[in-house]
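What follows is calculated from the coordinates using simple rules that are stated; it is not laboratory data. Computed from a predicted model, the values in this text were never measured in an experiment. Here Cβ is always computed from backbone atoms with ideal geometry, including for glycine, and neighbour counts include all displayed protein chains.
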Amino acid sequence: MTQTTLSSLPQVHALDPQPSSRRNGKIARLPKETRDMINRMLDDGIPYHVIIDELGEPGEGLNTQNLTNWKQGGYQEWVKNQERIERARAQTEHAIDLLRETDGAASVAKVVEACHMVGATQLMEALLEHGDDAVKKMLVNKPDTYIRILNAVCRLSDSGIRCEEHNLLEERKVNQARSS
């Protein structure tokens with residue numbers, strides 16, 4: 001069985017949502033590595049003047065107001081993205097744990113169960129994050145996308161029902177074999 005690591009899973013890396021309008025402040029114009037360093041230092045509660053000093057050359061020309069503005073905008077987006085990444089990691093780890101319970105002989109039922117858990121959780125999070133208004137707006141502006149999502153939910157539900165029926169049938173066979 002191939003060893004699966006979190007870094008090899010595309011859904012963990014694909015969580016870099018693009019904001020509706022691109023930031024254009026001093027910090028937003030810095031390289032991503034520098035912005036990430038600033039975000040980590042803000043996350044650690046490091047004082048602004050220390051952050052500017054720690055940045056060295058990339059921090060030249062920055063002031064505490066730039067960091068205040070960034071903390072209210074770009075940093076908040078970064079925090080939300082980190083939370084999404086962590087949720088996806090937790091979901092994926094749970095799915096991997098379910099598959100590991102099979103000792104390398106993953107049954108179709110366990111794979112389907114793991115996929116349903118991840119898919120259902122992600123759909124629910126999207127609905128909670130964006131709310132009913134986003135769904136209504138999508139229905140009006142992008143009915144084809146709305147229908148595709150509904151079809152995906154229906155397919156998930158249908159395959160879940162078929163999986164459950166399969167599990168019940170297998171369980172009956174085992175019980176009949178025991179009673180024979």
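Observations on the model:
- Lys/Arg +1, Asp/Glu -1 at C-beta; the range 54-180 dipole; positive extreme among Leu168, Gly56, Val79: Leu168
- Annotation: peptides 152-165, 37-50, ranked by per-residue average of other Cβ atoms within 10 Å with the highest first, follow the order 37-50, 152-165.
- Taking every Cα-Cα distance in the range 48-180 and sorting them into 5 Å bins from zero, the calculated P(r) comes out as 2, 8, 10, 12, 12, 11, 9, 8, 8, 7, 5, 2, 2, 1, 1, 0, 0 percent.
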